1. Just rank Phe130, Phe106, fewest to most, by other beta-carbon atoms within 10 angstrom.
2. 5 Å is the cut-off here: which amide hydrogens, built 1.01 Å from N in the peptide plane, fall below it relative to Arg50, excluding neighbours closer than 5 in sequence?
3. What net charge is computed for the residues neighbouring Cys44, neighbours being all others with C-beta under 10 Å from the C-beta of Cys44, Lys and Arg scored +1, Asp and Glu -1?
4. Apply the Karplus curve 6.51 cos²θ - 1.76 cosθ + 1.60, θ = phi - 60°, to the phi angles in the range 117-124 and return the couplings in whole Hz, x for Gly and Pro.
5. What are the residues whose amide H is under 5 Å from the amide H of Val70, where those residues sit 5 or more places off or on another chain and H is modelled from the backbone?
6. Of the beta bridges DSSP finds with both residues in the range 23-129, what % are antiparallel, to the nearest 5?
7. What list do you get for Glu45, Glu55 if you sort them by fewest beta carbons within 10 Å?
8. Residues with amide H under 5 Å of Val111's amide H, sequence separation 5 or more or different chain, H placed in the peptide plane at 1.01 Å from N; which?
Amino acid sequence: MCTKSRENTEEGTGRAGVEDGQMNLVRGRPRVLRLDLASRVLSCEGARHRLTPSEASVLIVLLRAAPNVVETAAMWEALRGGVPARQTSALRALMHQLRSACIRVFGYDPVQTVRGRGYRLRPGTRLTCF
């Protein structure tokens, strides 16, 4: 289970919540995305969205690996015990659903695609699981 909080900082600046050069702040403090593991509810500043089991699993895998990249094959291994190559479009669709949910709740997409490798949480993303 994921019970820790992970904060990535923009390399060299020590600033939290940085996205495309802008601070992701609410009333002068960094916004924190929260995931309730029992209910799979993603929340931030009063906005809420229930994730599917697969979406929640992806977010937990990314959190545990942060700030490192999770290779596509490793992501499927964690989610489904491996996947045939022809099913990579299913992972892209799942990532799209997760990103859409995060944008609705958090106001931006905390998932970064690392072309040819996999995915990771963007530097500056603050995510807490409880």
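Each value in this text was obtained by applying a stated rule to the coordinates, not by laboratory testing. Source: prediction; values computed, not measured. Cβ sites come from the backbone with ideal geometry, for glycine too, and all protein chains shown count toward neighbours.
1. Final ranking by Cβ density, sparse to dense: Phe130, Phe106.
2. Leu42
3. +4
4. My calculation for the range 117-124 gives 10, x, 9, 7, 6, 4, x, x Hz in order.
5. Here Tyr119, Arg120 satisfy the definition.
6. 85 percent
7. Final ranking by Cβ density, sparse to dense: Glu45, Glu55.
8. The list, which skips near neighbours in sequence, is Arg122.
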